[in-house]
Amino acid sequence: MLDTAIIGAGPAGLAAAHALKERGLPYTHLERNSGVGGLWDIEAPGSPMYESAHFISSKTMSGFPSFPMPDDYPDYPSYKQILSYLRAFAAENGLDQRIEFDTAVEKVDKIEGGYRVTRANGVTSDHAHVIVAPGVQWIPNVIDLPGRYTGEVRHTVTYRSAKELEGRRVLVIGAGNSGADIACDAARSADRAVISLRRGYHFIPKHVFGKPADVFADEGPTMPMWLEQRVFGVLLRILNGDPTRLGLPKPDHKVFETHPLMNTQLLHHLGHGDVTARPAIKDIEGTVVTFADGSTEDVDLILLATGYHHAVPFAQELMGEGPHPDLYLTAFSRNEGLYGLGFVETNGAAYVLMEQLATMIAQHIEDREKRPDRWQQFERVIATDTPDLTRGIRFVDSTRHAGYVDGVAITKYLHRTAKRMGWTIP
Ligand SMILES: Cc1cc2nc3c(=O)[nH]c(=O)nc-3n(C[C@H](O)[C@H](O)[C@H](O)COP(=O)(O)OP(=O)(O)OC[C@H]3O[C@@H](n4cnc5c(N)ncnc54)[C@H](O)[C@@H]3O)c2cc1C
């Protein structure tokens, strides 16, 4: 039988192992850390996790379909709860005993009939298939700052706890979900807290009329995207008011055209003056930062919440050189026998998609031996199909949003594809 190597034992790698194991397909599972859980293990060297982190999608919408999150979890579980949920998923399905821990993969090479996987200790193994699931939030995107800054500057990948901010004058650059969370930590712990944003965002409250925002959206009527954008735009305006009144820039795009910024606390802290919003940085001299509007701040710590590179250093030439791996439906490489999981950039909950995609990959692998015609048929689909998975949303033109897909559109398309191929997915 044709063996598969799975690289990574975060949620994506676990979903892959579960799908292969359920079908009795042989696999080898490699993980560089000493336990499962991926970036949710705050102790894992290089993890971007920090103590105040919580899920931004709700427990109701976010668990693996085959293993819902516990009922006694709060709407938005903490990083500790997500880690224990993932460990419970691995234990329940007997996945952890089969993982080679403390085993980093250094290289994946194409060989006749498959791939050669080389571990950091030099040991190699050959596999017909490889599922690459190393995560996308480990390699920081460190930007150059203008001018000459003499204070401390670091990327938020190294940030762990609000204690690090006590007694400091802190500037957070970037307002993604991590940047917004860390600016809130600074609002409570630092002597001075400032956040610099290049563009305005639509802040989506975590609860809308007492329900998690994703549950609220899911239960609502299905509308054409233009109408949904209008309705949610008005709703956010009613709930949040005018963001410019808090010093935030006016969004230059419609709702849903950027990755959702799920944060109510930042608005709260801005409204209380515990954090100050500034535009992009123009120049720095010593510890004095000048912003695009001419305002200045004297700060001794700059935290770059400027995102991550979606690189796969051990298999870059196989995954493509673009800003994101070149994968059909975010999972199927045009290189036969190569797959990626965890690369989907979407406004939906990732774990549902991970389990759906993992199940599709497993069925495609199963087809190779049992139904070669169907294997060939799907290989042709991988090579030629280029679906539009935006649902009409014009995602902003940025590296983060290159290849971004709408959660509803991709889920629908996965179901259609599975049906066409005679596969089942959760
Ligand atoms: C603060 C925060 C909040 C988030 N909130 C949500 C949310 O609400 N909902 C949601 O769906 N997602 C959320 N995410 C996204 C998050 O990326 C996913 O939850 C998830 O952890 C990604 O899973 P993964 O398995 O793809 O990657 P990871 O969790 O990063 O796991 C990858 C694994 O691969 C291993 N690995 C990497 N390279 C190698 C190698 N060379 N050899 C061997 N092993 C290797 C790593 O050690 C790691 O264990 C959030 C992320 C952050 C940082």
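No value in this document is a laboratory result; all are computed from the given coordinates. Here the structure is a predicted model, which is why all the values come from computation and not from measurement. Reconstructed Cβ throughout: ideal geometry from the backbone, glycine too, with neighbour counts over all protein chains shown.
Tally Lys and Arg at +1 and Asp and Glu at -1 over the other residues with C-beta under 11 Å from the C-beta of SER125: what net charge comes out?
Net charge around SER125: -1.
Using the empirical formula 2.2 N^0.38 Å as the baseline, the Cα radius of gyration of segment 240-326 reaches a ratio of 1.48. Shown in residue order for segment 311-322 are the 3J(HN,Hα) couplings computed by the Karplus curve 6.51 cos²θ - 1.76 cosθ + 1.60 at θ = phi - 60°: 8, 10, x, 7, 8, 4, 5, 7, 8, x, 9, x Hz (x for Gly and Pro).
Measuring against 24 Å, Cα to Cα, the residue pairs LYS163/LYS282; LYS21/LYS419; LYS370/LYS419 contain LYS163/LYS282 as the ones spanning a longer distance.
Could you sort the peptides 332-345, 133-146, 114-127 by per-residue average Cβ neighbour count (10 Å cutoff), highest mean leading?
Top of the packing list down: 332-345, 133-146, 114-127.
Farthest toward the positive end of the dipole of segment 111-178, out of LEU165, ASN121, VAL132, is the Cα of LEU165, where the dipole comes from beta carbon charges about the Cα centre. Could you give the alpha-carbon Rg of segment 1-146 over 2.2 N^0.38 Å, rounded to two decimals? Relative to the 2.2 N^0.38 Å estimate, segment 1-146 comes out at 1.13.
Quick check of the Kirkwood formula: for segment 324-426, what is the inverse mean of 1/r over all pairs of different Cα atoms, in Å?
It works out to 14.0 Å.
Looking at the chain, I'd like the Rg to Rh ratio, where Rg is from alpha-carbon atoms and Rh is Kirkwood's inverse mean 1/r. Let's see the in-between values first.
Numbers: Rg = 22.2 Å, Rh = 22.8 Å.
Computed over Cα atoms, the ratio is 0.98.
Which helices, counted as full DSSP H runs in the chain, have an axial Cα extent of no less than 27 Å and a Kyte-Doolittle average of -0.5 or above? Spell out each step's value before the answer.
Values: long enough: 350-370 (30 Å, -0.22).
Span-like helices in the chain: 350-370.
Farthest toward the positive end of the dipole of the chain, out of ALA12, TYR76, VAL153, is the Cα of TYR76, where the dipole comes from beta carbon charges about the Cα centre.
Within the same chain, lysines fewer than 8 places from LYS211 are excluded, and of the rest, those with a Cα less than 25 Å from its Cα are LYS59, LYS80, LYS254, LYS412. Taking other Cβ atoms within 10 Å as a rough exposure proxy, ASP397, ASP218 sort from fewest to most as ASP397, ASP218.
Dividing the helix sum by the residues of the chain, where each DSSP H run of 4 or more adds -39500 (n - 2.57), gives a mean residue ellipticity at 222 nm of -9000 deg cm²/dmol.
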